[in-house]
Amino acid sequence: MKLDSRAPDGPIETAWDRHRQAIRLVNPANKRKYHVIVVGTGLAGASAAATLAQLGYNVSSFCFQDSPRRAHSIAAQGGINAAKNYQNDGDSVFRLFYDTVKGGDFRAREQNVYRLAQVSVNIIDQCVAQGVPFARDYGGLLANRSFGGALVSRTFYARGQTGQQLLLGAYQALSEQVGAGKVKLHSRTELLDVVLVDGKAKGIITRDLVTGEVKRWAADAVVLATGGYGNVFYLSTNAKGCNVTATWRAYKKGAGFANPCFTQIHPTCIPVMGEHQSKLTLMSESLRNDGRVWVPKQPGDMRRPRDIPEAERDYYLERIYPTFGNLVPRDVASRAAKRMVDEGHSVVAGGAGVYLDFRDAIKRLGHDVVSDRYGNLFDMYERITGDSPYETPMRIYPASHYTMGGLWVDYNLMTSVSGLYAIGEANFSDHGANRLGASALMQGLADGYFVLPYTIGDFLAGEKAGFNDTAHAAFDEAERNVKGQVDRLLGIKGKTSADVFHRRLGKIVWDGCGMARTKESLGKALTEIPALREEFWSDVSVPGTGADLNQSLERAGRVADFLEFAEVLCRDALTREESCGGHFREEHQHPDGEARRDDVNFQHGAVWGYEGEGNAPTRHTEPLDFRYVHPSTRSYK
Amino acid sequence: MKVNLRIWRQKGPDAPGAFQDFSGVEVVPEMSFLEMLDEVNRDLEAKGQEPVVFDSDCREGICGSCGAVVDGTAHGPGRQQTLCQLHMRSFQDGDTITVEPWRAAAFPVVRDLMVDRSAFDRIIQAGGYVTARTGSAPDANAVPIGKPEADAAFDAATCIGCGACVAACPNASAMLFVSAKSGHLGLLPQGQPQRYSRAEAMVQTMDGEGFGGCSNHGECEAACPKGIGVSYIARLNRDLLRAASGAASK
Ligand SMILES: Cc1cc2nc3c(=O)[nH]c(=O)nc-3n(C[C@H](O)[C@H](O)[C@H](O)COP(=O)(O)OP(=O)(O)OC[C@H]3O[C@@H](n4cnc5c(N)ncnc54)[C@H](O)[C@@H]3O)c2cc1C
Ligand code: FES
């Protein structure tokens, strides 16, 4: 596998400008002759499809939900970062770049991150122009809040519904182009394979989720904006439909999968309360602006929180990390919570949890201010748990939330397969080993509005426009494979729901490759996963047929891919003999329990290449070079 | 605790439908309503039978995928919540719960509890946007927006497009949905240039899709999981009048 990052040399401040000067462009009059497939309508996919269409390309847009507006991005709560420095608190493009590289524990490509920080300011302008109702102060100017891992206030937000408002902005821009006939929209349609013609991505195979029809689509380039794989843990904050299928099938067609073991566990989620649970609910990180995290000093102290006197509470984040306090980055906060619970301080009887307390904030700011800032999150919490955070502290615990790993992409966001692009959470590009809060929305929109629409021109300019040969043998083969898998799943006629397998897989991966990993735990997972996969393929129950709507079949197909993917995830975690960001190997820690990175041996992206059914994948590397932010031990103390 | 379920089963838009009874379904109060349905489905699948089809994704009340009429009420008992936010603690041991899809001519049943709401997408495609080419925007703070307008626009913008308003309306009108979008964009300075054409285009498309007219029942407001009020409908009607009289746009 050839991994040429194509990242520009020279001064980083001008790298993106110089690159745009240097790459090829498609003549405006010719753009309409090109057809681009964009799979996914989250922030990344919707913004890309809309912008490509505005530029003149013909676009086909796909999503599995009934409407593009329902993509998982809709659920993002807290906010989006941008180096606007509207608060005059010393923010700058460089500082956002610096925070992101450091926050990612020095495992991201500097040039990509710098570009992200640069275009962040354009994103806010663009969204406001579309009518995104960001929070404002009484003077009518935009308000900001702080997120973990930063000492400045650079997060723009729309109450607790930032993702919803940003996605509606992108969805509306996309809808305008659909109305204008520049984008053809295919909802309730699932990508099941990528088609390569002469080594280049020239189409996809989909299944219509209503009619069951398996269909071929040809195009001049293919963009995957299909989101992350956090649901490999079964329980996660992701929407139920989030899956690895698109990126996994692309991997099997030759696209390198980078750093799958970099998964993010979010510290503030509502704890697991029972076996029936189908997902976990995030409580936005923004709550840590005003909430204080604590546990009882006495292990096993199960008194009601209000009955525990101040002196017997351990505000452990403030104690261990006085500089950042409750606003340490996610990986640090999550591991600290786990340590507290492992040492017996859990506040959930028979389970795991810590307190996030608003008593002092309410005292300091008053009920109304707190309600204005967090009202909808408090309501959400109360609805699920029956407890009011105005009266009693929230109980929270870390849960799978985001995946930094994804398809490897170069500076143009092209995967290792020519003509195949990956944007948003589906790629591995900007967050290294740990993503800072409010940076995923930024990256998705940066990729979709401001990067991909230009960089894709460099590839298209070298292609003859209008590829539409769906009769090509490559389509025959891909379609045969897709239909083969569908028939195989339907033919098993086993006794167990795919959902049950998914839950069992989730437990294996969480135990073996969750918040803390060891050689032993990973080895165990790596023997259990293939065994479970075998059981799945002999006992899964998929009633109905493939010739019409069949949700059992949809679920089973996604679980089948997770069952394969999970193995590469664990393998990646096993080979990365260091701790960094969201990847914590217990063997590699400092005496105080902080992560020990190994820059001599692991300052690289690990990129896995498919070697065919039954063969071990190969591990390639992209060395990383840090010229602007010098790798140091991350300290938030 | 145990509950009995009567769930609407229907193969497709033109197939006849009927209730299927499930008695003595074991639940715990902490379960969400959809988790209860998951449990029913796992059992059906284990027996080789087709599960009850329903839409859901975020399961936290924001994507607008889920929705069913539960005991006669869109999204079930409890105000300002979606079906996925409904928990079994809202029911009693021994209750019989009736579950049906949204019923509206413009939302044909796809299967069981799943309906086709693509008409909503077409309404937005007709005009529910602000035209703003990527890259052409002025600085975000160039136009200050007073907090009251920003807040009112926001309240309308919280619409999740679930369709409960249509399901609850005796006329199956989509006026609350349309007025929420026209209120969101029409209250902001950015939305002014297309304010009246937007309102007209969306309402025209709504009519063409087979939604009914609004006769001020107000059921939509009661059913809206986001609490969007009928005052936005009044606002939309004023905009439509101004558009028709030609007073606008000049
Ligand atoms: C609860 C929650 C809160 C969050 N809050 C924040 C926040 O405050 N700030 C922040 O920066 N980030 C936040 N994040 C992270 C952020 O929301 C996501 O990383 C981001 O929205 C991902 O966007 P995306 O466009 O890459 O993918 P998604 O929004 O996941 O969209 C994926 C799209 O791909 C489609 N798709 C997937 N597979 C297929 C297939 N096989 N065939 C066809 N279509 C397919 C889907 O239909 C969908 O349209 C949050 C995440 C969660 C879970
Ligand atoms: S599943 Fe998203 S609103 Fe209910």
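Here, each number is a calculation from the coordinates, and none is a lab measurement. None of the values given here were measured: they were computed from a predicted structure. With ideal geometry, Cβ positions are generated from the backbone for all residues, glycine too; neighbour counts draw on all protein chains shown.
Comparing Cα centroids, the range A:166-240 and the range A:303-356 end up 41 angstrom apart. Amide H to amide H distances under 5 Å link B:Thr98 with B:Arg6, B:Asp71, where only residues 5 or more positions off or on other chains count and H is placed in the peptide plane.
As a calculated quantity, the FRET efficiency between A:Ser92 and B:Ala142 at R0 = 30 Å, using C-beta atoms, amounts to about 0.90.
Partner lysines whose Cα lies under 22 Å from the Cα of A:Lys84, excluding those fewer than 8 positions away in the same chain, are identified as A:Lys102, B:Lys147.
The magnitude of the dipole of chain A, with charges of +1 and -1 set on the Cβ of Lys/Arg and Asp/Glu and taken from the Cα centre, is near 720 debye.
Positive-end ranking of B:Ala243, B:Gly213, B:Pro225 along the dipole of the range B:118-249, with charges on Cβ about the Cα centre, is headed by B:Ala243.
Only alpha carbons enter this Debye calculation for the range A:283-364, each as an equal point scatterer, and the log10 of I(q)/I(0) it gives at q = 0.14, 0.16, 0.26 Å⁻¹ is -0.44, -0.58, -1.47. Label zone of A:Ala349 (point 7 Å out along Cα→Cβ, amide N under 15 Å): in the range A:300-337 this covers A:300-305. With the simple spin-label model, which puts each label point 7 Å out from Cα in the Cβ direction, the B:Ala18 to A:Glu382 separation comes to 4.5 nm. Each label was represented as a point 7 Å from its Cα along the Cα-to-Cβ direction; for A:Ser632 and A:Lys507 these points are 4.5 nm apart. Once the Cβ-Cβ distance of A:Ser371 and A:Arg306 is raised to the sixth power relative to R0 = 22 Å, the FRET efficiency obtained is 0.65. What separates the Cα centres of the range B:175-217 and the range B:9-54 is a distance of 36 Å.
Only helical runs count toward this figure. For chain A, summing -39,500 (n - 2.57) over DSSP H runs of n ≥ 4 and dividing by all residues gives -11500 deg cm²/dmol at 222 nm. The label-point distance for A:Thr392 and A:Arg20, in a model that sets each label 7 Å from Cα toward Cβ, rounds to 5.4 nm.
Placing unit charges on each Cβ (+1 for Lys and Arg, -1 for Asp and Glu) gives chain A a dipole about its Cα centre, and among A:Gly494, A:Ala595, A:Pro68 the Cα reaching farthest toward its positive end belongs to A:Pro68. Within the same chain, lysines fewer than 8 places from A:Lys182 are excluded, and of the rest, those with a Cα less than 16 Å from its Cα are A:Lys31, A:Lys33. Given axes a ≥ b ≥ c from the Cα gyration tensor, I'd like to know whether the range A:464-616 is rounded (a/c under 1.5), prolate (a/b larger than b/c) or oblate. Verdict is oblate for the range A:464-616. Here r is the Cβ-Cβ distance between B:Arg238 and A:Lys33 and R0 is 51 Å; the resulting FRET efficiency, rounded to 0.05, is 0.65. Put simply, the Cα atoms of the range B:37-135 extend 56, 33, 30 Å along their principal axes, the longest span coming first. Sites listed here are GluC sites (Glu not before Pro) in the range A:477-580 whose DSSP assignment is loop and whose Cβ has at most 14 other Cβ atoms within 10 Å: A:Glu577.
Return, ordered by residue number, the residues of the range B:219-246 whose backbone nitrogen is under 19 Å from a label point located 7 Å along Cα→Cβ of B:Gln204. Label zone hits: B:236-246.
Close amide H partners of A:Asp193, meaning residues 5 or more places away or on another chain with modelled amide H under 5 Å apart, are A:Ile205. Loop-located GluC sites (Glu not before Pro) across the range A:148-243 with a Cβ neighbour count of 14 or fewer within 10 Å are A:Glu213, with loop assigned by DSSP. From the square roots a ≥ b ≥ c of the eigenvalues of the alpha-carbon gyration tensor of the protein assembly as shown, which class results: rounded (a/c under 1.5), prolate (a/b over b/c), or oblate? It is rounded, given that a/c, with a ≥ b ≥ c, falls under 1.5.
Kindly identify the range A:85-187 as rounded, prolate or oblate by the Cα gyration tensor criterion: order the square roots of the eigenvalues as a ≥ b ≥ c, call it rounded if a/c is under 1.5, otherwise compare a/b with b/c, prolate if a/b is larger, else oblate. Taking the square roots of the gyration eigenvalues as a ≥ b ≥ c, the range A:85-187 is oblate. Of the DSSP H helices in chain B, those with a Cα length along their own long axis of 18 Å or more and a mean Kyte-Doolittle hydropathy reaching -1.0 comprise B:33-46, B:195-208, B:231-245.
When the range B:2-110 is described by a simple charge dipole with +1 on each Lys and Arg Cβ and -1 on each Asp and Glu Cβ, the residue from B:Ala105, B:Gly78, B:Leu44 located farthest towards its positive end is B:Ala105.
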